[in-house]
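The values are calculated or read from the model by the stated rules, or taken from the named source; none is laboratory data. The structure presented is a predicted model; accordingly, all values stated were derived computationally and were not measured. Here Cβ is always computed from backbone atoms with ideal geometry, including for glycine, and neighbour counts include all displayed protein chains.
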């Protein structure tokens, strides 16, 4: 466990340091690059949690796509060479950020994370083979092994089937809402750059 | 500490881990095994790049009907080392107005994807350094970082040619990412897994035959992403000096070159693994690495051949080629493959070898038809602009005296 703890602390320092840098560095381009570092550090946390799929998706979408969008937006900004100038939105922005943080922490603390224990678990079992009746929770490696998932790869695959089932089953509404949000962002960008 | 991690299945990793673990504490052996794996990866990419540079220069020489480098070593084999030594001893210039930290970091970030990609490629049976079950997604994620590196290089140089090159390079990367990802989905559906080792196992019939359209789109898209010549608008020498690496010299330039040519080698390895059966071949259990390297050489030769044959496209032709030609092809391939897999698979969701042959027949016909159809449609779109003299201006003809 010592090694995992060292990695956890290194990643934490990296993530917090880089995210402080994002806010405090004057040069907008460097701030965007530090944001990429934050994204990759978060992917590292996912690897520590044995969620390789999420880690890979995190790098693919955030570091690979969102960061590029942000950097292009910075390049298209006028007066970018003056850096990150303060403006009159400082206090409202700080308030909004603090409220958002409070809401997210409250939700994170309040949520019952063991979602698969309840009703959703039965569907996860149905999606997987019928042999998984002995499964206590998707993190229950011994249970998965008893159910016939002999190798590490098969066990991880079974766990991810549960994740996919949750995304398309119980959480299909938020999932689709996010895609609608992305569509709205694309249309908004097109409307902004449309020649008049 | 449990040896419960993705790398533990790797023989090299386990060997070093247990060897060091007999004398030293557990976590040191963990780190040592990881470092050994990194050492192998970095050297594999750099040596692959060196061999590829030599092969490319000699072969391009042959294609141009000249000799190519043949001075140092037998047949000029030591040429890449001479190149690297020259670059190391060259003056390392940083422009005065450059963003120095980002300027230094860009070549490193550029080389990292080529090295990281190799981690999941199976060179022979059970030889992948990390057989991730999300291997194909991992490759896509890692390569997507290279666009950040290109933007870093272009922006930090504080040079407009570098900036133009970077903007073009990223535009190409983003456009060609779409067809490449879509055609990989076809492979994933037929193989039923995203792990590269499983994809190799699933190729009872090489996916070269089962997914010809996907292979075509993938090869075209990857050579665009690697800035190879028909698609190298990002560093077009005749327009942009050298694109995003205009300001680089010395070791940093060597790193960028290593990233570029090492990228071709690793891309060839991915093509071989996904479409040509990886290490499969006669006596594959013992000679797997040989078949793998042979196929990698063949694919790398195709990259060199294409580079020597085609002239550079304009940026608008390049975009038209991605969005109006490759994208429809990859979507058609995706639909055809999903229908075939849906109707041909058995109750366990597995495709038999016979089914693969049926798919081969359908897909080859479909691929030929689609390429012919969309090829004739795109020909109008990317036709070179013929210059028309404006009315009233005197036209110059050969021999006319003005």
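General remarks:
- Lone qualifier among B:35, B:59, B:19, B:24 - being surrounded by 17 or more Cβ atoms within 10 Å (Cβ to Cβ) and either more than 14 Å from chain A (Cβ to nearest Cβ) or modelled with pLDDT under 85 (or both): B:59
- Qualifying positions in the stretch B:164-183 - more than 8 Å from chain A (Cβ to nearest Cβ) and farther than 24 Å from residue B:214 by Cβ: B:164, B:165, B:166, B:168, B:169
- Top-ranked residue in the stretch A:32-70 [being in contact (Cβ under 8 Å) with a residue 40 or more places away in the chain and crowded, with 20+ Cβ neighbours inside 10 Å; ranked as nearest to residue A:167 (Cα to Cα)]: A:53
- Cross-chain or 6+ apart pairs with Cβ under 8 Å, the stretch B:59-74 first and over 15 Å from residue B:309 (Cα atoms), then assigned to a loop (DSSP other than H, G, I, E, B): B:72/B:78
- Scanning the stretch B:110-141 for residues that are more than 9 Å from chain A (Cβ to nearest Cβ) and more than 18 Å from residue B:201 (Cβ to Cβ) gives B:110, B:111, B:112, B:113, B:114, B:115, B:116, B:117, B:118, B:119.
- Considering B:349, B:361, B:369, B:297, the condition of being over 23 Å from residue B:270 (Cα atoms), at pLDDT 85 or above and out of contact with any strand residue (DSSP E or B) (no Cβ under 8 Å at 6 or more places or on another chain) is satisfied by B:369 alone.
- Some residue of the stretch B:121-132 being part of a helix (DSSP H, G or I) and in contact with a helix residue (DSSP H, G or I) (Cβ under 8 Å, 6 or more places away or on another chain): no
Each row is one residue, and each column tells you yes or no for (1) outside any helix (DSSP H, G or I); (2) crowded, with 16+ Cβ neighbours inside 10 Å.
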position: B:222; (1), (2): no, yes
position: B:238; (1), (2): no, no
position: B:265; (1), (2): no, yes
position: B:271; (1), (2): no, yes
position: B:279; (1), (2): yes, yes
position: B:291; (1), (2): no, yes
position: B:296; (1), (2): no, yes
position: B:301; (1), (2): no, no
position: B:305; (1), (2): no, no
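- Meets criteria (within 14 Å of chain A (Cβ to nearest Cβ), surrounded by fewer than 24 Cβ atoms within 10 Å (Cβ to Cβ) and either more than 16 Å from the chain's Cα centre (by Cα) or at pLDDT 85 or above (or both)) for residue B:193: yes
- Here is the figure for the stretch A:1-59: residues that are within 25 Å of residue B:131 (Cβ to Cβ) and part of a loop (DSSP other than H, G, I, E, B) total 4.
- Candidate set from the stretch A:67-78 (those that are touching a helix residue (DSSP H, G or I) at 6+ places or on another chain (Cβ under 8 Å) and more than 10 Å from every other protein chain (Cβ to nearest Cβ)); member that is modelled with the lowest pLDDT: A:77
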